[in-house]
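Reading through the structure tokens given below for one structure.
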Amino acid sequence: MRIYDELKSRLFNEGASLIGFADLTNVSLADEFNYQSGISIAVALSAEILSGIKDSPTKEYVKEYERVNSKLDELSYIGESILTEAGYKAKAIPATTHSYDHVDFRAPFQHKTTAILAGLGWIGKLAVLVTEQYGSGLRLATVLTDIPPKKEDIKPLIDSKCGACILCADACPADASKRLNWKFGMKREELVDINSCNISMTKRTKELGLTRSICGICLVSCPWTRRYINANIDSGR
Ligand code: B12
């Protein structure tokens, strides 16, 4: 379908790192998100800045978090406008929303679900998305649309590629991982104790005087992310 190719080339030109098309017809979504297709957009975090995260987040990482969020929001609105100008319904879901329920830590829509259904990667032992190209050194946004999904092109991964690796679990300051390999359909709670993740992250960012509650240790301790970092830091990317 020409529109998919136009979307891909435009979003890559504007700075997207990975793009995938997801079939959402079997996902139960709230009415405002009830579209049959989703475009998953990923932007990689700077390898240089990720390499600076040793055992705690840095001010540079906070700035990069914000830079990548605004790039993702810009890309999601470009995607939405290309689709609506072509006569399709479309809805951009920006990178992050702070209006999520702080008890169950759940937003009304999960970007990882679109990324998994688009075949961009798998879920790691701390419930973050892992990809072959950037590990989990990336952030996500989504564009929902009523374009019929191209079923033949979409091949979601249903099994983890983590194998016996537990580097993220060992590195996690909150010891939040349940050290299990993800399988498609597993619940977050089967993989990670998200409460201890949030408590540790909030406490540490306060101690470090950072303006955002972030961590990133699970991202940089992943060997797939290390491979991306090592392949890119000398080139200053
Ligand atoms: C609330 C929130 C938090 C909470 C809870 C995290 C959580 N995992 O739920 C707290 C404050 C603890 C948190 C912490 C962090 N966060 Co946060 N967070 C969010 C937010 C706003 C909503 C997440 C949510 O609704 N969770 C509910 C659970 C159930 O869903 P989920 O774990 O996100 O995804 C699950 C589903 O997709 C499911 N799944 C997979 N395939 C399929 C298929 C189908 C059909 C279905 C139904 C489900 C399904 O498996 C996933 C794993 O559990 C998202 C942005 C967004 N709207 O998605 C960012 C987001 C998840 N956070 C992100 C990041 C990077 C972090 C941190 C590393 C901190 C940091 N920035 O340095 C930590 C890591 C925590 C972790 N291990 O996931 C990134 C993840 C990127 C990646 N590589 O995966 C996101 C996507 C933001 C972004 N725009 O990129 N976060």
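The values are calculated or read from the model by the stated rules, or taken from the named source; none is laboratory data. Values in this document were obtained by computation on a predicted structure and should not be read as measured data. As a convention, Cβ positions derive from the backbone with ideal geometry for all residues, glycine included, and neighbour counts pool all protein chains shown. Just so you know, the surface numbers come from the protein's heavy atoms only, side chains and all, with ligands and any DNA or RNA stripped out. Shrake-Rupley method; radii C 1.70, N 1.55, O 1.52, S 1.80 Å.
Values for this structure:
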read-out: Taking all pairs of distinct alpha-carbon atoms in the chain, Kirkwood radius in angstrom; value: 18.2 Å
read-out: Calculated log₁₀ intensity ratio I(q)/I(0) where the Debye formula runs over C-alpha points of segment 162-230, q = 0.13, 0.21 Å⁻¹; value: -0.42, -0.96
read-out: Label-point separation in nm, ASP175 to ASN13, each point 7 Å along Cα→Cβ; value: 5.3 nm
read-out: Inter-probe distance in nm under a simple model that places probes 7 Å from Cα toward Cβ, at ASP104 and ASP73; value: 2.7 nm
read-out: Accessible area per residue in Å² at 1.4 Å probe, computed on the chain; value: 49 Å²
read-out: Reciprocal mean inverse distance between Cα atoms of segment 79-126 - Kirkwood radius, Å; value: 13.1 Å
read-out: Accessible-area composition of segment 60-112, carbon plus sulfur, in percent [1.4 Å probe]; value: 54 percent
read-out: Separation of alpha-carbon centers, segment 103-149 and segment 32-49, rounded to whole Å; value: 7 Å
read-out: Contour minus Cα-Cα distance for THR25 and GLU85 (0.36 nm per residue); value: 19.3 nm
read-out: DSSP-loop trypsin sites (Lys or Arg not before Pro) across segment 76-110, with at most 16 other Cβ within 10 angstrom; value: LYS89
read-out: Accessible area of segment 129-237 belonging to carbon and sulfur atoms, whole % at 1.4 Å probe; value: 58 percent
read-out: Extended-chain gain in nm, criterion 0.36 nm per residue less alpha-carbon gap, GLU48 and LYS183; value: 45.4 nm
read-out: Size descriptor, Kirkwood hydrodynamic radius, that averages inverse alpha-carbon separations across segment 83-217, Å; value: 16.6 Å
read-out: 16 Å reach of a label modelled at ILE3, 7 Å along Cα-to-Cβ, counting backbone N of segment 70-86; value: 77-86
read-out: Net charge of neighbours whose Cβ lies under 10 Å from the Cβ of CYS168, counting Lys and Arg as +1 and Asp and Glu as -1; value: +1
read-out: Solvent accessible area, Å² - TRP224, 1.4 Å probe, full protein context; value: 60 Å²
read-out: Kirkwood-based shape ratio for segment 29-106, expressed as Rg/Rh from alpha carbons; value: 1.06
